[in-house]
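Asker: Okay, here's the structure, questions in a sec.
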Amino acid sequence: MSDPNPYADDSYRWGPPQQPGNPPTVADGQGYGYPQQLPDAAAQPGPAYGYPAVNPPAQPPVPGYGFPPQQGPGPGGGGAPMLSLGDITVMNDSIVTPSGTLPLKGAVWTATDMSRTEEKIPTVAIVLAIVFALLCLVGLLFLLMKEKKTTGFIQVSVTSGGRHHSTMIQATGPETFQMVMAQVNTARSMSI
């Protein structure tokens, strides 16, 4: 394991031999019938993938390579999002939805509570009431235990500029509708 690498002196190169002065081209079949010149960065030899460069290239790497391009503010003015309701985002002067961008001025907001809260006696309380009812009548107090469970959604809709978008927000408790209505009222005041 202490033997030196026989290929470490760069005397051996992988791939077909290249003629000096002729930069490599795209292989036949990939260039639509004619050879294409590769970009300068691809024609430069470099370190293997995952290994650091011994002599780093003189040109900086391509910014954002491997990541989605960073875009500036869109046509709606941009800036930071002011408010978010499900997949609806309210910006300074526009409303961004998956179906497109809507103007903020004159937008009509509606919220519909389609959730329900059920209250029931949990199974544990029934079992404890039966066990302790045999011992003493105090066990009947376990029947006073209640469990609240909220299910459903709150639907938020916005209409502006002749376009309409709706989103559904999961109701996690009885207070969810009040929180969503506070955000909808904020969006309404921004739409004036």
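The values are calculated or read from the model by the stated rules, or taken from the named source; none is laboratory data. Here the structure is a predicted model, which is why all the values come from computation and not from measurement. In this analysis, Cβ positions are derived from the backbone assuming ideal geometry, glycine residues included, and neighbour counts consider all displayed protein chains. Quick note on the areas: whole protein, heavy atoms, side chains included, nothing else; ligands and nucleic acids left out. Shrake-Rupley method; radii C 1.70, N 1.55, O 1.52, S 1.80 Å.
Asker: Rounded to the nearest 0.05, what FRET efficiency do Gln178 and Lys148 give with R0 = 22 Å and r taken as the Cβ-Cβ distance? Could you check?
Answerer: Details: r = 16 Å, r/R0 = 0.70.
Efficiency for this residue pair is about 0.90.
Asker: Another question, then. Restricting to DSSP loop positions (anything but H, G, I, E, B) with no more than 14 other Cβ atoms inside 10 Å of their own Cβ, which trypsin sites (Lys or Arg not before Pro) remain in segment 122-172? Write out the running numbers ahead of the final one.
Answerer: Values: sites: Lys146, Lys148, Lys149, Arg163; in loops: Lys146.
Of the trypsin sites (Lys or Arg not before Pro), the ones in loops of segment 122-172 whose Cβ has at most 14 other Cβ atoms within 10 Å are Lys146.
Asker: For labels at Thr112 and Thr167 in the simple 7 Å Cα→Cβ model, what's the distance in nm?
Answerer: 1.8 nm
Asker: Would you mind checking which residues have amide H under 5 Å from Ser115's amide H? H placed 1.01 Å from N; only 5 or more apart, or other chain.
Answerer: Under 5 Å from the amide H of Ser115: Phe153.
Asker: While we're on this one: Would you rank Thr167, Thr186 by solvent-accessible area, highest first, keeping every protein chain in place and using a 1.4 Å probe?
Answerer: Sorted descending by solvent-accessible area, the residues read Thr186, Thr167.
Asker: List, in order, the whole-Hz ³J(HN,Hα) value for each residue of segment 179-184 obtained from phi through the Karplus relation with A = 6.51, B = -1.76, C = 1.60 and θ = phi - 60°; use x for Gly and Pro.
Answerer: With coefficients 6.51, -1.76 and 1.60, one gets 5, 5, 5, 5, 5, 5 Hz.
Asker: Also: At a Cα cut-off below 28 Å, give the lysines reachable from Lys120, other chains included and same-chain residues fewer than 8 away excluded.
Answerer: Within the straight-line cut-off, Lys120 pairs with Lys146, Lys148, Lys149.
Asker: Let me ask something else about it. So, by mean Cβ neighbours within 10 angstrom, what's the order for 95-101, 132-138, 114-120 with the highest one leading?
Answerer: 95-101, 114-120, 132-138
Asker: Tell me the label-point distance for the pair Ser99, Thr159, using the 7 Å Cα-to-Cβ offset, in nm and rounded to one decimal.
Answerer: It works out to 1.1 nm between the two label points.
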